[in-house]
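Worksheet: one structure, shown below.
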Amino acid sequence: NSFCTLLDGLPCAMPALTTSGADRADGGRPSAAALKAARKASNQRTRDGAAAAESRVRAAARATVAAERRDRHDAEEDDDSAMQPSAATPMTAQHELLEDETREDATFESLGLCPELVQGCHDAGWRVPTRIQAAAIPPAAIEKRDVVGIAQTGSGKTGAYVLPMLHWLLSQPKAPYLACLVLVPTRELAQQVSEQCRTLGRCIGLRTATLVGGVDAVKQAIELSQRPHVIVGTPGRVKDHLANTKGFSLIKLHWLVLDEADRMLDMDYEAEIDEILKHLPRDRQTALFSATLSTKIDRLQKASLRDPVMVQVDRKNQTADNLTQQFVFCPFADMVAYLHVFLVTDSAQRLIIFCSSQHTVHQLTLTLRILGHRALPLMGRMTQDNRNLALQRFKDGHVRILVCTDLAQRGIDIKDTDCVVNYSLPLSAKEYIHRVGRTARAGQTGKAVNVMSQYDIAQLQSIEEYTGVKMTEYPISAADVEAVRQRVEDAELQAKREVKEQQLEEQATKDERQAAEARVARRVRKGTGKDRMAYDDAAGRREAAEGGGHGALRMRRENEELYGMTKKGQRAALAKKRREGGGGGGAGKRR
């Protein structure tokens, strides 16, 4: 009926023609020009009316479909009263109220945790639970419900899922192995979570395995063979072990945790997570923690959780209350000089500087070191050992400044980080929240300083609008900048030369390696099986060194089957082939 109503509004195909007296000729008849203009206007009105009617019909159709979906959704809610609550439902409000009430007087004992875990928390220096821990631990540990936790970085999300997980392990008569899996987006976060699990589970002899890229997969397979209770890893490497490591299975898994889920989806880990979920049992307990909510998070939640409890303890888009946010406004050409003056005059003892690219990280680190600052880089193209070394030296206080890409914006929890400096403003306000979340953690105070030029004004304004915080300007004297300008320019030139020299050395090493591989390849084409094995084993070792997994072992096994171990074995195989081939010996010999 609604369609008929809309169609009634269509204009007639040929509306009445109206012409003025000036357009009439030959005894009141309309002129040819007037008739042509009238037909044109009529056709245009017809087309416009048809288009408008079509749009109204489509709108009505969409409204009908939406109404049907709402009806189905309402019916499902009536059938299942335990449907997951949204951020505005009374259940979520109750969780937030419960958290606010228990923030001051809640203890780990009152949350119902085992005495061994309570003692482990005290040994780790945790006096009282944080807001997210007080809200998430009871439903996860006591009620054994799936949990979705939304909280800002630095709020104690790791403890909110590690403690219920260990509480379940302690409740078992015999702690099962390969029973808990924690998926995280980065290698550094995986190592941090593993360390925290070992710290809290030291009293119960907890065994963990860390599965990340950049580390020999054979060593990780050995760790898995020792039957760890908890596995912490990145989705890509966990998926590789499920596919390639013999005997490794998660069919007995009971606990699954998706930490920093929004970051994992931003890094395009969705396919790997879906593949891992196929290897897991359905009757498991799952916890999903994230700093933000999005459509992707909602889809992942529906695919992996059952009737979850939503715990959201902080306002959306909020930065820490104890975080001071400021900006340094300067000309684009003088950004390094202003940064140098800030580092010299500010009292912060431990700083993280974020840059937009690995090239900027490399060059800025060299410049700061030339200027006398204790700085180290942290970026993706560094080997895992060098990344671990840089983090450890920063934690130990041997260096004051860590210059890094967004690799470090999630999950790196370094105590007493006084300040975060954005040398390059992030592309989105959400990334800004994660960057500044490296400081002002666990109730401590911190400072975020944004070094910006005339090209960053719009981006800073969008960040202020998103976070609801009006930033103040950090005072830097122009006279101080002028006094060090020449020195900073000389340091920048020297750093550029060093970067160029390092690039040339790397290219020369790469060319030399490719030339050596080409020489071996030429020998392979006309040489012996031993040459072939040397070439293939070198390629396998390269693949393993680059995080390729089991390449070296696989190639070695294939080479043994294909070529044999020695020339003697090859001659014996060739002689056998000639005997079996009868008269084909001459041709075989020529080949």
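Values computed for the structure shown
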quantity: Unique match (being among the hydroxyl-bearing types (Ser, Thr, Tyr), over 25 Å from residue 385 (Cβ atoms) and without any contact (Cβ under 8 Å) to a residue 60 or more places away in the chain) among 171, 194; calculated: 171
quantity: Single residue of the stretch 306-334 satisfying the filter (crowded, with 20+ Cβ neighbours inside 10 Å, out of contact with any Lys or Arg (no Cβ under 8 Å at 6 or more places or on another chain) and in a loop (DSSP other than H, G, I, E, B)) that is modelled with the lowest pLDDT; calculated: 319
quantity: Entirely in the stretch 335-425, the strands (runs of 3 or more DSSP E) that have 2 or more residues that are without any contact (Cβ under 8 Å) to a residue 12 or more places away in the chain, surrounded by fewer than 20 Cβ atoms within 10 Å (Cβ to Cβ) and of a type in the set (S, T, N, Q); calculated: none
quantity: Criterion (among the small types (Gly, Ala, Ser) and within 16 Å of residue 488 (Cβ to Cβ)) met by exactly one of 337, 390, 429; calculated: 337
quantity: Residues that are under 21 Å from residue 372 (Cβ atoms), among the aliphatic types (A, V, I, L, M) and assigned to a loop (DSSP other than H, G, I, E, B), drawn from the stretch 467-502; calculated: 476
quantity: Any chance residue 500 is touching a helix residue (DSSP H, G or I) at 6+ places or on another chain (Cβ under 9 Å) and loosely packed, with under 12 Cβ neighbours inside 10 Å; calculated: no
quantity: Residue in the stretch 407-419 that is within 24 Å of residue 376 (Cα to Cα), polar (S, T, N, Q) and in contact with a helix residue (DSSP H, G or I) (Cβ under 6 Å, 6 or more places away or on another chain) present; calculated: yes
quantity: Test result for residue 451, modelled with pLDDT of 95 or more, not in a helix (DSSP H, G or I) and not polar (S, T, N, Q); calculated: yes
quantity: Among residues of the stretch 144-179, those that are within 25 Å of the chain's Cα centre (by Cα), farther than 30 Å from residue 439 by Cβ and not acidic (Asp, Glu), counted; calculated: 2
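One line per residue, one yes/no per condition, for (1) at pLDDT below 90; (2) closer than 20 Å to residue 415 by Cα:
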{"residue": "155", "(1), (2)": "yes, yes"}
{"residue": "161", "(1), (2)": "no, no"}
{"residue": "164", "(1), (2)": "no, no"}
{"residue": "180", "(1), (2)": "no, no"}
{"residue": "191", "(1), (2)": "no, yes"}
{"residue": "195", "(1), (2)": "no, yes"}
{"residue": "207", "(1), (2)": "no, no"}
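The values are calculated or read from the model by the stated rules, or taken from the named source; none is laboratory data. Everything numeric in this text was worked out from a predicted model, so none of it was measured. Ideal geometry is used to build each Cβ from the backbone, glycine not excepted, and the neighbour counts take in all protein chains shown.
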